[in-house]
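Here the structure comes first, spelled out in structure tokens, and everything after it is commentary.
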Amino acid sequence: MVALNLPFKALADPTRREIIMLLKKESLTPGEIAEHFDMTKPSISHHLNMLKQADLVSDERKGQKIYYSLNTTVLQNVIGWFLDTTHYNEGDDINDEKDS
């Protein structure tokens, strides 16, 4: 099973979820991300580091700038986990598992 604690912790914060939505559209520098928020650049850097530790974003240096982009593989794993928790065979009765 893929470790999901860090992604869930990172996704618990609304600022980080908004950063993910921004990166869904395109790769951005920390400065470009900061333009969308009323907070200090060190605070943005903290949020980006949390997202990076959870492997939700990756960074790439291009010349003097660092661009952050979305890592959709980890998001797919999180979504897959949610789907797995709600999926059962159509012929199975969910209550049968409780009676066993």
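Points to keep in mind about this one:
- In segment 62-87, of all residues being in contact (Cβ under 8 Å) with a residue 24 or more places away in the chain, in contact with a Ser or Thr (Cβ under 8 Å, 6 or more places away or on another chain) and not hydrophobic (A, V, I, L, M, F, W, C), the one that is surrounded by the fewest Cβ atoms within 10 Å (Cβ to Cβ) corresponds to LYS65.
- Where helices (runs of 4 or more DSSP H) fall wholly inside segment 1-89, the ranges with 1 or more residues that are at pLDDT 90 or above are 5-11, 14-25, 30-34, 41-53.
The values are calculated or read from the model by the stated rules, or taken from the named source; none is laboratory data. Everything quoted here is computed from the prediction, not taken from an experiment. As a convention, Cβ positions derive from the backbone with ideal geometry for all residues, glycine included, and neighbour counts pool all protein chains shown.
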